[in-house]
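Working notes, structure below.
The values are calculated or read from the model by the stated rules, or taken from the named source; none is laboratory data. Only a predicted model underlies this, so the values are computations on that prediction, with no experimental measurement involved. In this analysis, Cβ positions are derived from the backbone assuming ideal geometry, glycine residues included, and neighbour counts consider all displayed protein chains.
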Amino acid sequence: MIPGESPRPEGSPRPDPLQRADAAGSEVDAIVVGAGPAGSAAALELARNGHSVVLLERGPFPGSKNMYGGVIYGRILDTLVPKWWEEAPIQRWVTRRQTMMLSGDQALTIDYRSDRWGDPPYNGATAYRPDFDQWLADKAAEAGARVVCSTTATGLIHEGEQVVGVTTDRPGGELRAKVVIACDGANSFLAREAGLYENLDPANFTVGVKETIALPSEVIDARFGVRGDHGVDIEILGCTGGVPGGGFVYTNRDTVSVGLVLSLPELAKGDKRPEQLLHQMKQHAGIAPLVEGGEVREYSAHMIPEGGYEAMPELIGNGLLVAGDAASMCLAAGVWLEGVNFAIGSGAAAGRATHRAIQRGDTSAEGLEGYRTRLESSFVLSDHRKLREIPHLVMGDLAQTRLPGMACGVAEQFFHVDNPAPKPGLRRIIRSEMKTNGVRFRDLIRESVKAIRGFG
Amino acid sequence: MNPKDTFLSPVVAACIKWVDLRPELDSVQGTLAPSRRGGGFSAADLSAAETALSIAEAWSGTAVLVCAGPANADRSLLEVAASGFSRTVRVDIPGQLETATVAELLVRTLGQTDLDVDLVVCGDMSYDRSSGAVPAMLAHHLDFCQALGLLSVEPVSAEPADDHTIVAIRRLDGARRERIRIPIPAVISVEGGIATLRRAALDASMGESAHTDAEVEVRGGHSHGESDPPRTTPWRPRARTLAGPGGESAFDRILELTGSLSDTSPPRTVKADPSEAARMIMDSLAEWGYLGSDD
Ligand SMILES: Cc1cc2nc3c(=O)[nH]c(=O)nc-3n(C[C@H](O)[C@H](O)[C@H](O)COP(=O)(O)OP(=O)(O)OC[C@H]3O[C@@H](n4cnc5c(N)ncnc54)[C@H](O)[C@@H]3O)c2cc1C
């Protein structure tokens with residue numbers, strides 16, 4: 001995609017024509033690799049600040065290679081694209097959030113809804129990534145970034161210690177820049193090449209699989225209890241057949257996204273296949289009525305860096321920054337699976353830090369140190385630091401297998417009417433369910449303390 | 001034929017059509033509705049683009065890209081153009097039009113003197129289940145010779161340049177193939193598998209190449225909203241009417257269908273000049289009963 005000379009947003013500085021001429025000699029201020037949310041946010045910030053920036057994307061258009069569950073938390077966009085909700089390609093506004101625990105044929109759901117989330121400035125929204133990523137990349141293009149698609153960055157160019165550009169898979173494919181921002185997603189090839197990841201542990205990754213199932217929008221409204229452009233976000237525990245992970249169901253306008261997130265090492269053992277597990281989850285009595293009769297339109301899979309704070313690489317090199325999933329910044333903390341907002345937040349911070357470094361004429365690791373400061377002072381690193389224990393807790397045996405069984409068992413006994421026998425006391429029910437599900441009091445206390453500390 | 005006076009630098013036009021790559025198919029009605037998600041060019045059209053570039057290179061000519069499509073084709077078009085086309089022209093066609101209308105609109109552009117096209121290379125089919133007849137119609141309107149559905153294309157340079165020809169292979173019925181020599185000016189169409197469009201150089205993809213004018217020239221096509229009525233009938237391959245076999249019993253009918261036990265004249269190879277060969281073909285067709293008495 002080659003952007004036209006579209007009008008620039010009001011009040012933003014005009015790109016320096018000299019820098020643009022520079023670009024013609026294949027030397028630009030910054031190269032951003034990957035037109036996902038992180039890359040487009042970085043390119044947008046840089047272009048708005050008048051820099052020549054090339055945004056490289058290996059897919060035929062931004063978003064073409066990207067998938068996720070389906071919910072974007074757009075608050076971080078407020079500063080980048082004011083009133084973004086008036087133009088972003090949104091499917092539905094999430095007004096209802098549920099956390100569901102499945103066990104056997106049982107399901108226990110905590111359900112929260114607020115119609116206020118269906119009005120500006122909104123909270124979460126469902127969107128298709130090919131639409132959303134393209135929209136955000138278009139914003140960068142409108143601001144003056146060059147978005148070059150169907151082009152894969154194949155390596156870094158070094159001059160001494162300094163990264164000075166990238167090689168690509170196109171003929172004549174070397175491109176030089178003062179700073180390279182790696183936003184190339186999970187398992188970042190560029191960050192690894194630069195030696196920023198000390199060790200990549202497969203245990204820090206999950207595989208997400210998803211089906212997009214078409215249903216008429218009135219059917220979705222009726223089944224999920226919403227109207228108009230309001231939608232539902234359901235996070236699910238206990239639906240992964242013993243493989244650590246979780247599930248989700250999200251509503252789009254006339255499709256439903258149903259998926260699982262599964263531990264990579266556990267899947268690698270090879271006795272369970274993701275599509276089988278997804279099929280099983282769709283058969284569960286808690287899920288089947290939501291999706292039955294729909295037509296599967298898409299099946300997709302993608303890796304998620306779930307390790308959180310502990311699994312992040314060095315974020316800064318000489319002439320190089322890493323943002324978004326490339327830096328393992330996806331927040332996967334049980335009830336939260338947020339990656340897009342963290343990608344946008346970190347991408348924008350990388351753009352701003354690069355702008356400052358170029359202004360000061362120092363794009364060494366030291367000159368780019370502002371990136372870390374910006375991240376530390378924003379939600380990106382503070383949330384990750386605060387919630388650093390949570391990914392392990394959520395992927396642990398207790399949360400994965402025993403807790404959903406125990407919670408469903410307690411609910412069953414509590415709500416079951418067994419007259420003429422009198423109602424059992426809650427304490428007795430909990431004790432018996434703990435025993436049935438192999439939950440030791442000690443473990444429960446220990447994990448609860450960790451959770452209270454972890455969630456802050 | 002409309003041979004030009006000079007062929008100093010032949011102009012080879014790749015003529016392609018922007019289509020919806022992921023149309024929604026109504027499985028009951030068989031109708032296609034545009035998905036508005038991911039338009040682009042068919043494999044055959046991309047193969048035509050590469051073929052045009054290679055021929056232009058071999059003849060030291062220029063390659064131009066002519067596309068039938070709406071304004072939102074421009075992005076994909078510029079990506080193809082970055083592979084080495086010196087000019088990019090889009091004939092503005094907003095929606096689904098009848099084949100004849102598309103051909104006429106393209107001819108208006110291809111026939112313009114500023115393009116001065118010597119060879120038009122098309123794909124043999126697009127993905128939108130159209131009739132596939134545009135190349136033949138172009139040849140007809142431009143008064144160029146035509147060779148369609150080619151499997152290989154080899155440009156042959158000659159002195160003087162107006163003697164350039166193309167040696168090509170095309171399919172015949174019964175899995176046979178024929179090798180033909182095509183003089184220019186001509187319209188050819190190629191199958192999707194015969195060539196893969198080369199990767200554009202990075203600077204061309206960035207719209208910075210000195211050789212590429214990264215602009216799409218838009219030529220008048222249909223005015224917006226003036227598209228032909230949408231096709232509502234399901235798509236089916238064109239049917240051929242065959243008479244049923246005669247015969248009293250099933251056995252007789254099978255014998256007639258398969259031609260077993262009937263007298264057949266063995267194939268023979270003849271060598272003849274074109275007019276003699278044409279006469280022999282007509283004689284044989286008449287002998288076999290394919291031509292009526294007044295044909
Ligand atoms: C199943 C699943 C469910 C999820 N659910 C949610 C959710 O509901 N909400 C949420 O906020 N997050 C969710 N996420 C996480 C979210 O998708 C990611 O955190 C987010 O996409 C990260 O954005 P990014 O820009 O860093 O990387 P990506 O979106 O992965 O973008 C990277 C881009 O770089 C390109 N690229 C890669 N390598 C190269 C190269 N060498 N050269 C050129 N281009 C390259 C890719 O094609 C891609 O476009 C989910 C993820 C998965 C897999």
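Restricting B:G123, B:G84 to residues that are in the same structural domain as B:A168 (by TED's automatic domain parsing) and over 24 Å from A:T151 (Cα atoms) narrows the list to B:G123. Residues that are part of a strand (DSSP E or B), crowded, with 20+ Cβ neighbours inside 10 Å and either at pLDDT below 90 or not hydroxyl-bearing (S, T, Y) (or both): does the stretch B:19-35 have at least one? Yes, some residue in the stretch B:19-35 is part of a strand (DSSP E or B), crowded, with 20+ Cβ neighbours inside 10 Å and either at pLDDT below 90 or not hydroxyl-bearing (S, T, Y) (or both).
In a strand (DSSP E or B) and either within 13 Å of the ligand (Cβ to nearest atom) or more than 14 Å from every other protein chain (Cβ to nearest Cβ) (or both), is that true of A:E298? Yes, satisfied.
What is the residue count in the stretch A:50-99 for residues that are within 30 Å of B:A201 (Cβ to Cβ), away from the ligand (no atom under 12 Å from the Cβ) and within 14 Å of chain B (Cβ to nearest Cβ)? Outline the logic, then answer.
The initial filter retains those residues of the stretch A:50-99 that are within 30 Å of B:A201 (Cβ to Cβ), namely A:50-66.
Then drop every residue that is not away from the ligand (no atom under 12 Å from the Cβ), which leaves A:50-53.
After this cut, where a residue has to be within 14 Å of chain B (Cβ to nearest Cβ) as well, the list is A:52-53.
Within the stretch A:50-99, residues that are within 30 Å of B:A201 (Cβ to Cβ), away from the ligand (no atom under 12 Å from the Cβ) and within 14 Å of chain B (Cβ to nearest Cβ) number 2.
Answer yes if at least one residue in the stretch A:221-234 is within 16 Å of the ligand (Cβ to nearest atom), among the hydrophobic types (A, V, I, L, M, F, W, C), more than 14 Å from chain B (Cβ to nearest Cβ) and in contact with a Pro (Cβ under 8 Å, 6 or more places away or on another chain), and no otherwise. Scanning the stretch A:221-234, I find no residue that is within 16 Å of the ligand (Cβ to nearest atom), among the hydrophobic types (A, V, I, L, M, F, W, C), more than 14 Å from chain B (Cβ to nearest Cβ) and in contact with a Pro (Cβ under 8 Å, 6 or more places away or on another chain), so the answer is no. Listed conditions (1) part of a helix (DSSP H, G or I); (2) without any contact (Cβ under 8 Å) to a residue 24 or more places away in the chain are all met by A:G345, apart from (2).
For the stretch A:231-276, give me the residue count where each residue is acidic (D, E) and under 30 Å from A:N123 (Cβ atoms).
Narrowing the stretch A:231-276 to residues acidic (D, E): A:233, A:235, A:254, A:266, A:271, A:275.
Cutting the leftovers down to under 30 Å from A:N123 (Cβ atoms) gives us A:233, A:235, A:254.
Residues meeting the conditions: 3.
Looking only at the stretch A:279-302, residues that are out of contact with any Gly (no Cβ under 7 Å at 6 or more places or on another chain) and within 21 Å of A:V335 (Cβ to Cβ) come to 4 in all.
A:P130: within 30 Å of A:R273 (Cα to Cα), touching a Pro at 6+ places or on another chain (Cβ under 6 Å) and at pLDDT below 95, yes or no? Outline the logic, then answer.
Numbers: within 30 Å of A:R273 (Cα to Cα): yes; touching a Pro at 6+ places or on another chain (Cβ under 6 Å): no; at pLDDT below 95: yes.
No, not satisfied.
Taking the criterion of being more than 22 Å from B:L197 (Cβ to Cβ) and touching a Leu at 6+ places or on another chain (Cβ under 9 Å), the residues of the stretch B:97-125 that qualify are B:L97, B:A103, B:L105, B:V107, B:G111.
What number of residues within the stretch A:59-93 are farther than 29 Å from A:G228 by Cβ and surrounded by 19 or more Cβ atoms within 10 Å (Cβ to Cβ)? The number of residues fulfilling the criteria is 2.
Filtered by the rule that a residue be surrounded by fewer than 24 Cβ atoms within 10 Å (Cβ to Cβ) and either without any contact (Cβ under 8 Å) to a residue 24 or more places away in the chain or away from chain B (no Cβ under 11 Å) (or both), the stretch A:128-137 gives A:R129, A:W135.
Residues in the stretch A:248-258 that are in contact (Cβ under 8 Å) with a residue 60 or more places away in the chain and within 13 Å of the ligand (Cβ to nearest atom) were compared, and the one that is nearest to the other protein chains (Cβ to nearest Cβ) is A:N252.
Would you mind listing the strands (runs of 3 or more DSSP E) fully within the stretch A:142-217 where at least 2 residues are within 14 Å of chain B (Cβ to nearest Cβ), surrounded by fewer than 19 Cβ atoms within 10 Å (Cβ to Cβ) and not β-branched (V, I, T)?
Details: elements: A:146-148, A:153-159, A:162-168, A:174-182, A:205-214.
Hits in the stretch A:142-217: A:174-182.
So if I check each of A:D133, A:D111, which one is in contact with a strand residue (DSSP E or B) (Cβ under 7 Å, 6 or more places away or on another chain) and among the charged types (D, E, K, R)? Walk me through how you get there before you give the answer.
Working: A:D133 fails: in contact with a strand residue (DSSP E or B) (Cβ under 7 Å, 6 or more places away or on another chain).
The unique qualifying residue is A:D111.
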